[in-house]
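Asker: Got a structure for you, questions after.
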Amino acid sequence: MSDFHQNGVITTFHDLGRRSTASIEDDLRGFAEKRPMSLILPALYSELERPALARIVDELAEADWLSEIVIGLDRADRAQFEHAREFFARLPQRHRILWNDGPRLRELDAELEREGLAPGEPGKGRNVWYCTGYALASERAECIALHDCDITTYERGMLARLFYPVANPAFDYEFSKGFYARVADGRINGRVGRLLVGPLLRSLRQVYGESEYLEYLSSFRYPLSGEFAMRAHVLNGLKIPGDWGLEIGMLSEVYRDYATRQVCQVEIADAYDHKHQPLAEADGTGGLARMGNDIVQSLLRKLATMGVPLTSDSFRVLKATYYRNALDIVEVYRHEAEMSGLGFDQHAEEAAVELFTKAILDAGGAFTARPNDKPFIPSWSRVRSAVPDVLDRLRDAVEADQQD
């Protein structure tokens, strides 16, 4: 049985959680004949030194229904790239590592930069963008999924459940988003989703009025989850954000291009945990502070493209409205934690709310100060129109790196 969460905009699937992974994988093997599947793994080299990624690779080695695994490797020198090849060699599926810091991909990136088409600063968005380009060039999949490499509770059933709606030839879904409860180690996690995005979406609706877009985003149980799957052709016209607004930006792009009936969310795990970010680094930047700023700017940019008038005065109203809504939701989570026997640090929760409140003002100031910023990396459709052989050259560069 599926249900329609809250306002009925997005179809929400729960029942897959009641089926065994083996049963779902049996279906996927059949689906793969018509809709072969590939996985993108964006990784920092440092993640190869942590146990989470080793567990992920062990689990994926059993996913015989996957046609290809594309690994984007950031911050790696030659020796580290060679180590990565050994690390992933136990994957029986065809797999390719994009050495993003290698000379071949850097040369291609420099050419795209001269054309004004390259990603901006390094980061997950840039990594994912090049991986999607390779996946398109490979032409080995009808369905492509992506998830992070720091999931400490990973098991391949998560990926199988995520793929199911878009891989099933009898379904018409173009995009599938994963969700799960953020509870681990006796406490409620997911501070950015709980304490920023949820109350912020409510506040945006109060300050700027109801809209189908905000209703759409509010339908997602966990809009910041890093797990999503889509039909391969979706990637052609997708503009990927280059900052921490990646997940919200992806949802916004899908909203622009597809009907909501073609979008769904799937409960992929009962328990989920990953590496946690600090509220901010020692200098007061980075961490969840940077993430919050990027997310708010991503939402503001989208609202502006829809004709919503955004002013400095309205940002101050938004900040005040958010602060009240966020404190109210902290109280709700305190009650939930007590009823569920979970730990709860009210001071830490309210400190996060104060940090996110500042992020809203900072994001509003940055938005008005730099109206000509180009936060999205160009779509591959646009890049191919300017450099027709770009995907062939990307594929050739990756293949050459595998052979060296």
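The values are calculated or read from the model by the stated rules, or taken from the named source; none is laboratory data. This one's a predicted model, so the numbers in the text were calculated from it and none came from an experiment. Ideal geometry is used to build each Cβ from the backbone, glycine not excepted, and the neighbour counts take in all protein chains shown. Remember, those area values only see protein heavy atoms, side chains included, never the ligands or the DNA or RNA. Shrake-Rupley method; radii C 1.70, N 1.55, O 1.52, S 1.80 Å.
Asker: Could you pull out every residue, at least 5 positions away or on a different chain, whose amide H is within less than 5 Å of the one on His95? Hs are placed 1.01 Å off N in the peptide plane, and Pro or chain starts have none.
Answerer: It is Ile69, by chain and number.
Asker: Where Rh denotes the Kirkwood radius from the mean inverse Cα pair distance, what is Rg over Rh for segment 21-103?
Answerer: 1.02
Asker: Pick from Gly193, Gly365, Gly209: which residue has the top mean-square fluctuation in a GNM of the chain where Cα pairs under 10 Å get a spring?
Answerer: Sorting by GNM fluctuation, first place goes to Gly209.
Asker: Any idea what Rg and Dmax come out to for the chain if you just take the C-alpha atoms, in Å?
Answerer: Looking at the chain, its Cα Rg and Dmax stand at 20.8, 59 Å.
Asker: Would you work out the charge dipole size for segment 124-205 about its Cα centre, treating the Cβ of every Lys and Arg as +1 and the Cβ of every Asp and Glu as -1, and quote it to the nearest 20 debye?
Answerer: So the dipole magnitude of segment 124-205 works out to roughly 540 debye.
Asker: Treating the beta-carbon of each Lys and Arg as +1 and of each Asp and Glu as -1, no other charges, what is the dipole magnitude of the chain about its Cα centre, to the nearest 20 debye?
Answerer: Approximately 820 debye in magnitude.
Asker: Something else: If I ignore ligands, DNA and RNA and count only protein heavy atoms, how much of Thr311 is accessible to a 1.4 Å probe, in Å² to the nearest 10?
Answerer: Approximately 70 Å² of Thr311 is accessible to the 1.4 Å probe.
Asker: Another question about this same structure. Net charge within 12 Å of Asp404 by Cβ-Cβ distance, Lys/Arg positive one each and Asp/Glu negative one each, not counting Asp404 itself?
Answerer: Value of the local net charge: 0.
Asker: In the full protein assembly as shown, how much of Asp392 is accessible to a 1.4 Å probe, in Å² to the nearest 10?
Answerer: 70 Å²
Asker: Hey, another quick one. Return the Cα extents of segment 108-193 along principal axes one, two and three, sorted largest first, each rounded to a whole Å.
Answerer: Between the extreme Cα coordinates on each principal axis of segment 108-193 lie 50, 37, 19 Å.
Asker: Let me ask you something else. Give me a comma-separated list of calculated 3J(HN,Hα) values for segment 186-201, in order, Karplus coefficients 6.51, -1.76, 1.60 applied at θ = phi - 60°, integers in Hz, x for any Gly or Pro.
Answerer: x, 8, 8, 9, x, 4, 5, x, 6, 9, 10, 5, x, x, 5, 4
Asker: I've got another one for you. Using only the heavy atoms of the protein chains and a 1.4 Å probe, how would His347, His274 rank by accessible area, largest first?
Answerer: Final ranking, largest accessible area leading: His347, His274.
Asker: Amide H of Ile240: which non-local residues (sequence gap of 5 or more, or other chain) have their own amide H closer than 5 Å, using H built in the peptide plane?
Answerer: Close amide H contacts, sequence-distant or interchain: Ile377.
Asker: Expressed as a whole number of Å, what is the distance separating the alpha-carbon centroids of segment 122-199 and segment 20-46?
Answerer: Using only Cα atoms to place each centre, the spacing works out to 12 Å.
Asker: Using just the C-alpha positions of segment 302-404 as equal point scatterers, what log10 of I(q)/I(0) does the Debye formula give at each q in 0.20 1/Å?
Answerer: Normalising to I(0) and taking log10 leaves -1.04.
Asker: Please work out whether segment 171-319 counts as rounded, prolate or oblate from its C-alpha gyration tensor, where a ≥ b ≥ c are the square roots of the eigenvalues and a/c under 1.5 means rounded, while otherwise a/b larger than b/c means prolate and anything else oblate?
Answerer: It is oblate, given that a/c is not under 1.5 and a/b is not larger than b/c.
Asker: May I ask you to give the percent of accessible area on the chain that is carbon plus sulfur, with a probe radius of 1.4 Å?
Answerer: 48 percent
Asker: Can you tell me which aspartates and glutamates have their Cα less than 17 Å from the Cα of Lys34? Leave out same-chain residues fewer than eight positions away.
Answerer: Lys34 reaches Glu25, Asp26, Asp64, Glu68, Glu139, Glu142, Asp172, Glu174.
Asker: Moving on to the next point. Under a point-charge model restricted to the Cβ atoms of Lys and Arg (+1) and Asp and Glu (-1), what is the dipole moment magnitude of segment 1-139 relative to its Cα centre, in debye to the nearest 20?
Answerer: Result for segment 1-139 is approximately 40 debye, rounded to the nearest 20.
Asker: What net charge is computed for the residues neighbouring Arg114, neighbours being all others with C-beta under 15 Å from the C-beta of Arg114, Lys and Arg scored +1, Asp and Glu -1?
Answerer: The answer is -3.
Asker: Please list, or write none, the lysines whose alpha carbon is within less than 25 Å of the alpha carbon of Lys275, excluding same-chain residues fewer than 8 places away.
Answerer: Counting by Cα, and skipping residues close in sequence, Lys275 has these lysines nearby: Lys124, Lys177, Lys358.
Asker: Mind giving me the nanometre distance, one decimal, between the label points for Lys34 and Val387, set 7 Å out from Cα along Cα→Cβ?
Answerer: 3.7 nm
Asker: Put +1 on the Cβ of each Lys and Arg and -1 on the Cβ of each Asp and Glu in segment 247-403; which of Val330, Gly249, Gly343 then has its Cα farthest toward the positive end of the dipole?
Answerer: So the residue furthest toward the plus end is Gly249.
Asker: Translational D (Stokes-Einstein, µm²/s) of segment 34-79 at 25 °C and 0.890 mPa s when Rh comes from the Kirkwood sum over C-alpha pairs?
Answerer: Once the numbers are plugged in, D ends up at 207 µm²/s.
Asker: Send over a whole-number figure in Å² for the accessible area per residue of segment 103-161, probe 1.4 Å.
Answerer: It amounts to 37 Å² per residue over segment 103-161.
Asker: Among 255-261, 211-217, 163-169, what's the highest-first ranking by average C-beta atoms within 10 angstrom per residue?
Answerer: Those peptides, ordered most packed to least, come out 163-169, 211-217, 255-261.
Asker: Just to confirm, what accessible area per residue do you get for segment 246-404 at 1.4 Å probe, in whole Å²?
Answerer: The answer is 49 Å² per residue.
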